[in-house]
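A quick write-up on the structure given underneath.
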Amino acid sequence: MSTLELNLVESEAKIILEALLEKDASMESICNNSSDEDLKADVGNDLVELRIFLNEFKNNAVSKFGESVLEFSNESL
C-alpha cells in the first residue's frame, strides 16, 4: 500500500480539520434525513471511513499544535 505524507503548518491543519468536520456534518445530515436507503448506505459507509481518518488526523494535530488547532474562526471571507 502506498502512503502520502504531508508537512503542514498549524493554519493548514486548521483548514483541513474545519473542512473535514463540515463534511462530516453534511454526511451525517444525509444519513439522518434522506429517504433514499441506497444513498444513506453509501454515505454512511463513507462517513465511517471519514471519521476514522478524521479522528487520527485530529489527534495528531492536537498532539503537534495543541488544542488551539481545533478553534476555528466564524468569520466569512
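Nothing in this text is a laboratory measurement; each read-out follows from the coordinates by a stated rule. Nothing here was measured: the structure is a model prediction, and the numbers come from that model. Here Cβ is always computed from backbone atoms with ideal geometry, including for glycine, and neighbour counts include all displayed protein chains.
When only Cα pairs under 8 Å and 6 or more residues apart are kept, what is the percent relative contact order across the stretch 12-63? Can you show the working numbers first?
Values: 23 pairs, mean separation 22.1, N = 52.
For the stretch 12-63, the relative contact order is 42 percent.
Residue-wise, which Karplus ³J(HN,Hα) couplings in Hz belong to the stretch 3-18, taking 6.51 cos²θ - 1.76 cosθ + 1.60, θ = phi - 60°, and x for glycine or proline?
Ordered by residue, 3J(HN,Hα) equals 10, 10, 10, 10, 10, 10, 8, 4, 5, 5, 4, 4, 4, 5, 4, 4 Hz.
Starting from the Cα gyration tensor of the stretch 12-63, take the square roots of the eigenvalues, sort them a ≥ b ≥ c, and report rounded, prolate or oblate (rounded when a/c is under 1.5, otherwise prolate if a/b is larger than b/c, else oblate).
prolate
Where does the charge balance sit around residue 69 when Lys and Arg score +1, Asp and Glu -1, over other residues with C-beta under 15 Å from its C-beta?
Details: positive: 14, 58, 64; negative: 10, 12, 18, 56, 67, 71.
Around residue 69, the charge tally is -3.
Step through the residues of the stretch 64-72 one at a time and calculate ³J(HN,Hα) from phi using the Karplus curve (6.51 cos²θ - 1.76 cosθ + 1.60, θ = phi - 60°), rounding each to whole Hz and writing x for Gly and Pro.
7, 10, x, 4, 4, 5, 9, 9, 10
Based solely on its DSSP helices, what 222 nm [θ] is calculated for the chain when runs of n ≥ 4 H residues each add -39,500 (n - 2.57) and the sum is averaged over all residues, nearest 500 deg cm²/dmol?
Numbers: 2 runs with 53 residues, N = 77.
So the helix-based figure for the chain works out to -24500 deg cm²/dmol.
Considering the options 2, 50, 33, tell which one lies farthest towards the positive end of the dipole of the chain, charges being +1 on Lys and Arg and -1 on Asp and Glu at the Cβ, about the Cα centre.
Farthest along the dipole direction, towards plus: 2.
Rounded to the nearest 20 Debye, what is the dipole magnitude of the chain about its Cα centre when Lys and Arg each give +1 and Asp and Glu each give -1 at the C-beta? Mind dumping the intermediate values first?
Numbers: 6 positive and 17 negative charges, 49 e Å.
Once rounded to the nearest 20, the dipole reads 240 debye.
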